[in-house]
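Shown next, in structure tokens, is the structure this report addresses.
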Amino acid sequence: MTDFIKACIKANEEISLALKEGFDPSWFEKTVVGAGGDVSSKLDLFAEEIFVKHLGTFGEIESEESGIIGTGEEKIIIDPIDGSSNALSLFPFYGTSVAKVNAQGILDAAVVCNLVNGDIFLKSDTTEVQQGKLFTDAFHTPHTVPHSEIGLFEKAYANPVLVAALDKEKLKFRAPGAIALSLAYARSVNYVLFMGEFRIYDFAAGLALCEGLEVIVEADYVIVSKDKTIAKKIETLIKNNKLQ
């Protein structure tokens, strides 16, 4: 395990411990529009500060909240709280997302963590995708469910026609609201679908964890599935929806 991956784990463990002590009332306060276009909460900025402390020595950080932080040949892309609206509503599906791009422009490390149950997913240029738990040293290949009953549809609320089309095809889904985290679980669900603007903060780490799966990335949608037939069927539904 690389020093960078170890530092990511330590950062997540520090954030996790803070959250377990209870949400500080100030974390619910909104501040200014962040680099990613959303208004940052003080929870986002709290988590960002911890990541900067642990990862700042590895390179230039590009955060969804504060934009560019520090300098360095390597770039570290972070979403300090993936699913921050969930977190601020005390809905238990939120986490963190970190990806590192080396000096040659190659993404060589990715870490996504579920801060609610402690699941952590990682990949580096020396290891395949691994799944484990915070505060343990045991990692294994990610859990895979061969006949998953649901998919995950991020931003389903903005796509009612496509929702109806998926329902007609009996492609059940849930809409949890944390895209990097949803991608990390792509092996245990039928599919992951995102409709909307592609932002690097949302996808850098999550897509890296989908190595070996069927992945379709376009300007306004992303589809991931273990089953190529399912991915292609969903893409056809999207294209047909655009023609209507």
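Selection of region 183-207 for residues being assigned to a helix (DSSP H, G or I), within 13 Å of ASP82 (Cβ to Cβ) and of a type outside the set (A, V, I, L, M) yields TYR201, ASP202, PHE203, GLY206. Return a yes/no flag: does region 216-226 have any residue that is crowded, with 23+ Cβ neighbours inside 10 Å and farther than 19 Å from ALA165 by Cα. No: zero hits.
From the list PHE51, PHE4, PHE46, exactly one residue is farther than 30 Å from GLY196 by Cα, in a helix (DSSP H, G or I) and touching a Ser or Thr at 6+ places or on another chain (Cβ under 9 Å). Which is it?
Values: PHE51 fails: farther than 30 Å from GLY196 by Cα; PHE46 fails: farther than 30 Å from GLY196 by Cα.
One residue alone meets the criteria, PHE4.
Only one entry of LEU193, LEU183 meets the criterion of being open to solvent by less than 10 Å² (accessible area, probe 1.4 Å) and farther than 18 Å from VAL116 by Cα, and that entry is LEU193.
Evaluate the following for LEU88: is it open to solvent by 10 Å² or more (accessible area, probe 1.4 Å), closer than 22 Å to ASP3 by Cβ and not acidic (Asp, Glu)? Answer is no for this residue.
Test ILE76 against the criterion of being out of contact with any Asp or Glu (no Cβ under 8 Å at 6 or more places or on another chain) and surrounded by 20 or more Cβ atoms within 10 Å (Cβ to Cβ), and give yes or no. Spell out the reasoning first.
Working: out of contact with any Asp or Glu (no Cβ under 8 Å at 6 or more places or on another chain): no; surrounded by 20 or more Cβ atoms within 10 Å (Cβ to Cβ): yes.
No.
Among the residues of region 13-27, is there at least one that is assigned to a strand (DSSP E or B) and either open to solvent by 60 Å² or more (accessible area, probe 1.4 Å) or within 30 Å of ASP137 (Cβ to Cβ) (or both)? Can you show your working first?
So in region 13-27, the residues assigned to a strand (DSSP E or B) come out as none.
Taking every residue of region 13-27 in turn, none turns out to be assigned to a strand (DSSP E or B) and either open to solvent by 60 Å² or more (accessible area, probe 1.4 Å) or within 30 Å of ASP137 (Cβ to Cβ) (or both).
The values are calculated or read from the model by the stated rules, or taken from the named source; none is laboratory data. In this text, all values refer to a predicted model and were calculated from it rather than measured experimentally. With ideal geometry, Cβ positions are generated from the backbone for all residues, glycine too; neighbour counts draw on all protein chains shown. What goes into the accessible areas is simple: the full protein's heavy atoms, side chains included, and nothing from ligands, DNA or RNA. Shrake-Rupley method; radii C 1.70, N 1.55, O 1.52, S 1.80 Å.
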